[in-house]
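J.: Before I ask anything, let me first share the structure, which is written out below as structure tokens.
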Amino acid sequence: MTTLIHIANAKGRNATIGYSTVKPPASPKLAVPGQKVLFRRYLAATEACTHEALKNRYGDEYAQALIDGDPEIDIEQIGATIEHTQVVYQDSNGELMFIEPSFIEVITDPSGQEKERRPSTDTESNINEEVPLRWSGRKIEITEAVKKFAFKRTIQLQHVDGLTYDFLYSIAKELEECSSMMLIGAGDKGIAPVIFQANGKPYRAFLHGQTNATAYRLTLHLSELELKKPFVAKKAKD
Amino acid sequence: MAKPVILTYLSRSSSFQPIKVERAKVYGAKKRIALDASGKECTKAALTADGQHLLKSGCTAQGYFTASGNPVSRSDMVGIDAEGYIVESKPSTLGEPQALTGPVDPTNVLSLAIQSVYYLDPVEVDEGLAKTLQAGDIYQCPFNFSAGLEVETAYVLANAEGYFALVGKPMDTRWIEQGAVFVSTNEEDLGEDELDFESM
């Protein structure tokens, strides 16, 4: 995956620069003192022992059949570590498919009710394309932004040479002076969401800048959620 | 129902019911479904690399094991931090009064790696706290929805929709000097599901 992003500044001058994801410090991990512990996925049941397979073989009440038959666990297979797997599909008859299935999207409203079914479309990444991500011209004060959006991801922008240092430093300075964040995005107006990878999640992206002597901090705060009251299902009355 | 979030401001307590804010509960959701040639729904499964096992839902499990392959019970495990020290489990903060500190600089909120967002449904709110939050002030307090190995940070704020707690861990960005060299690394997956605020 690329770690380059193509953006334009307020004047429409563009450059391709680097980025990295900002992460919090590592959390404590569960372990046994003085002993190496591994977390792994393993085979717990073969295809012949799934609920569906047992139901087909013995009927809905297969528990008694298992008690009566007292089958042994297949120790050659059960417990085997599962590492690399490939996604496959089974058709409605349970047969393995050797051609790619078609996909649809099912849209539901906040209450979980289905609203629409439509053909699935693929989306491309748009962060490092010929047309750069542009400034939308929509500035938002930091106080207002943090009360309106949940920024769940942050990436930090970094220059890749001397020219892009000047480019990013001046953007950071400009944003710092107005104590605001700038909505940047794809499209002519810079308001289309930013997509980091093919079929990835679209984000609204807000640029925030700070400077300190000759150093700068330019971060892109990504949000896919506004701070709004969520739908809460009403409990059925007794 | 979860225990309430109890916040103390100037020695006065306010109580809220936390409701997790998720995209699906605000905008709805989008699910991608595979169809076979007859237009009927397919079942997703996994094939092991050696082709020996077709893994359907329920065929696998996961857990902790020693290097020699023996399972390790969760109750035998403890939290260990990056320096190798044992970390005690921290209890949930729900139902326990948490002192608010602040108001904080709104820029601090940008330095929070948000893990969860809660809508705080007011049960009983002190007038002073309501006033300061509605005036735009943001406060900070410890927050753990359930017991864990660390205590997270919550920023409590209000907007026209109501009261919210943004919960996560503080993170640092670095100052970048002119001489800094950018090293391209493989970025982790930034997620891959549905989209936008409403229909973007």
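The values are calculated or read from the model by the stated rules, or taken from the named source; none is laboratory data. A quick note: this is a predicted structure, and the numbers were derived from the prediction, not measured. Quick reminder, even Gly has a Cβ in these numbers, built from the backbone with ideal geometry, and neighbours come from all protein chains shown. Ligands, DNA and RNA are excluded from the accessible area calculation, which covers all protein heavy atoms including side chains. Shrake-Rupley method; radii C 1.70, N 1.55, O 1.52, S 1.80 Å.
J.: Is it fair to say residue B:70 is closer than 30 Å to residue A:46 by Cβ and open to solvent by 40 Å² or more (accessible area, probe 1.4 Å)?
T.: On the way: closer than 30 Å to residue A:46 by Cβ: yes; open to solvent by 40 Å² or more (accessible area, probe 1.4 Å): yes.
Taking the combined requirement at face value, the residue satisfies it.
J.: Now for a separate question. State which residue is nearest to residue B:112 (Cα to Cα) when the search covers only the range B:143-181 and only residues that are among the hydrophobic types (A, V, I, L, M, F, W, C), more than 12 Å from the chain's Cα centre (by Cα) and open to solvent by less than 30 Å² (accessible area, probe 1.4 Å).
T.: Top of the filtered list is B:171.
J.: Right, here's the next one. Restricting to the range A:223-238, name every residue that is within 20 Å of residue A:132 (Cα to Cα) and either crowded, with 23+ Cβ neighbours inside 10 Å or among the charged types (D, E, K, R) (or both). Steps first, answer last, please.
T.: If we filter the range A:223-238 for residues that are within 20 Å of residue A:132 (Cα to Cα), which is where we start, we get A:223.
Listed by number, the list is empty, since nothing qualifies.
J.: For the range B:87-108, does any single residue satisfy the condition of being part of a loop (DSSP other than H, G, I, E, B) and within 8 Å of another protein chain (Cβ to nearest Cβ)? Steps first, answer last, please.
T.: At the first step, the residues of the range B:87-108 found to be part of a loop (DSSP other than H, G, I, E, B) are B:88-89, B:91-96, B:100, B:102-105.
Next, from what is left, pick out any that are within 8 Å of another protein chain (Cβ to nearest Cβ): none.
Scanning the range B:87-108, I find no residue that is part of a loop (DSSP other than H, G, I, E, B) and within 8 Å of another protein chain (Cβ to nearest Cβ), so the answer is no.
J.: Would the range A:105-116 turn up any residue that is of a type in the set (Lys, Arg) and over 20 Å from residue A:16 (Cα atoms)? Give the derivation first.
T.: Residues of the range A:105-116 of a type in the set (Lys, Arg): A:115.
From the residues that got through so far, the ones that are over 20 Å from residue A:16 (Cα atoms) too are A:115.
Yes, the range A:105-116 has at least one match.
J.: Could I ask something else about it? Just checking: which of the strands (runs of 3 or more DSSP E) contained wholly in the range A:1-48 hold 2 or more residues that are touching a residue at least 24 places away in the same chain (Cβ under 8 Å) and touching a Leu at 6+ places or on another chain (Cβ under 9 Å)?
T.: Working: elements: A:4-8, A:14-21, A:29-31, A:37-43.
Here the list reads A:4-8, A:14-21.
J.: Could you list all residues from the range A:131-150 that are within 8 Å of chain B (Cβ to nearest Cβ), touching a residue at least 60 places away in the same chain (Cβ under 8 Å) and open to solvent by 10 Å² or more (accessible area, probe 1.4 Å)?
T.: A:142, A:147, A:148
J.: Exactly one of these conditions fails for residue B:122: (1) outside any loop (DSSP other than H, G, I, E, B); (2) facing chain A (nearest Cβ under 9 Å). Give me its number.
T.: (2)
J.: I would also like to ask the following. Among the residues of the range B:57-79, how many are within 24 Å of residue A:28 (Cβ to Cβ) and touching a helix residue (DSSP H, G or I) at 6+ places or on another chain (Cβ under 9 Å)?
T.: Final tally of qualifying residues: 2.
J.: Additional query: Scanning for something without any contact (Cβ under 8 Å) to a residue 60 or more places away in the chain, touching a strand residue (DSSP E or B) at 6+ places or on another chain (Cβ under 9 Å), open to solvent by 50 Å² or more (accessible area, probe 1.4 Å) and assigned to a loop (DSSP other than H, G, I, E, B), does the range A:164-176 turn up at least one residue?
T.: no
J.: Turning to a different aspect of this structure: Condition test on residue B:19, is it more than 7 Å from chain A (Cβ to nearest Cβ), open to solvent by 30 Å² or more (accessible area, probe 1.4 Å), assigned to a strand (DSSP E or B) and not aromatic (Phe, Trp, Tyr)? Lay out the reasoning, then the answer.
T.: On the way: more than 7 Å from chain A (Cβ to nearest Cβ): no; open to solvent by 30 Å² or more (accessible area, probe 1.4 Å): yes; assigned to a strand (DSSP E or B): yes; not aromatic (Phe, Trp, Tyr): yes.
No: the conditions fail for residue B:19.
J.: With (1) open to solvent by less than 40 Å² (accessible area, probe 1.4 Å); (2) closer than 30 Å to residue B:65 by Cα as the list, and residue A:104 as the residue in question, which single condition is left unmet?
T.: Residue A:104 satisfies every listed condition except (2).
J.: Residue pairs, Cβ under 8 Å, 6 or more apart or interchain, first in the range A:186-211 and at the interface with chain B (Cβ under 7 Å from one of its Cβ atoms) and touching a residue at least 40 places away in the same chain (Cβ under 8 Å), second open to solvent by 50 Å² or more (accessible area, probe 1.4 Å) and aliphatic (A, V, I, L, M). List them.
T.: Close Cβ pairs satisfying both conditions: A:196/A:1; A:197/A:1.
J.: Please verify whether residue A:88 is free of Cβ contacts under 8 Å to residues at least 12 places away in the same chain and under 28 Å from the mean Cα position of the chain (by Cα), treating the condition exactly as stated. Explain how you work it out, then say what you get.
T.: On the way: free of Cβ contacts under 8 Å to residues at least 12 places away in the same chain: yes; under 28 Å from the mean Cα position of the chain (by Cα): yes.
Yes; evaluated as a whole, the condition is true for this residue.
J.: Please determine, by comparing only the residues of the range A:76-95 that are outside any loop (DSSP other than H, G, I, E, B) and at the interface with another protein chain (Cβ under 7 Å from one of its Cβ atoms), which one is nearest to residue B:64 (Cα to Cα).
T.: Step one: filter the range A:76-95 for residues outside any loop (DSSP other than H, G, I, E, B), giving A:81, A:85-90.
Now restrict to residues that are at the interface with another protein chain (Cβ under 7 Å from one of its Cβ atoms): A:85-90.
Values: A:85: 20, A:86: 23, A:87: 25, A:88: 27, A:89: 29, A:90: 31 Å.
Per the criteria, the residue is A:85.
J.: Of these, B:31, B:3, which one is open to solvent by 30 Å² or more (accessible area, probe 1.4 Å) and within 21 Å of the chain's Cα centre (by Cα)? Before the answer, list the steps.
T.: Numbers: B:31 fails: within 21 Å of the chain's Cα centre (by Cα).
Residue meeting the stated conditions: B:3.
J.: Here's a follow-up. If residue B:140 meets every condition in (1) of a type in the set (S, T, N, Q); (2) open to solvent by less than 50 Å² (accessible area, probe 1.4 Å); (3) modelled with pLDDT of 95 or more apart from one, which number is that one?
T.: (2)
J.: Looking at the range A:29-55 only, could you name the residues that are more than 30 Å from residue B:59 (Cα to Cα) and facing chain B (nearest Cβ under 7 Å)?
T.: Restricting attention to the range A:29-55, the residues satisfying the condition of being more than 30 Å from residue B:59 (Cα to Cα) are A:33-34.
Selection gives A:33 alone.
J.: A further question on this structure: Within the range A:93-115, is there a residue that is touching a Cys at 6+ places or on another chain (Cβ under 6 Å) and without any contact (Cβ under 8 Å) to a residue 40 or more places away in the chain? Before the answer, list the steps.
T.: Keep residues of the range A:93-115 that are touching a Cys at 6+ places or on another chain (Cβ under 6 Å), which gives A:101.
Cutting the leftovers down to without any contact (Cβ under 8 Å) to a residue 40 or more places away in the chain gives us A:101.
Yes, the range A:93-115 contains at least one residue that is touching a Cys at 6+ places or on another chain (Cβ under 6 Å) and without any contact (Cβ under 8 Å) to a residue 40 or more places away in the chain.
J.: Quick one: in the range A:58-76, which of the residues that are open to solvent by 100 Å² or more (accessible area, probe 1.4 Å) and aliphatic (A, V, I, L, M) is nearest to residue A:48 (Cα to Cα)?
T.: Checking each candidate, the answer is A:73.
J.: Residue by residue through the range B:73-86, note down the ones that are at the interface with chain A (Cβ under 7 Å from one of its Cβ atoms) and either open to solvent by less than 80 Å² (accessible area, probe 1.4 Å) or in contact (Cβ under 8 Å) with a residue 40 or more places away in the chain (or both). It would help to see each step written out before you state the result.
T.: Of all residues in the range B:73-86, those at the interface with chain A (Cβ under 7 Å from one of its Cβ atoms) come to B:76-82, B:86.
If the condition is that a residue be at the interface with chain A (Cβ under 7 Å from one of its Cβ atoms) and either open to solvent by less than 80 Å² (accessible area, probe 1.4 Å) or in contact (Cβ under 8 Å) with a residue 40 or more places away in the chain (or both), then B:77, B:78, B:79, B:80, B:81 are the ones that fit.
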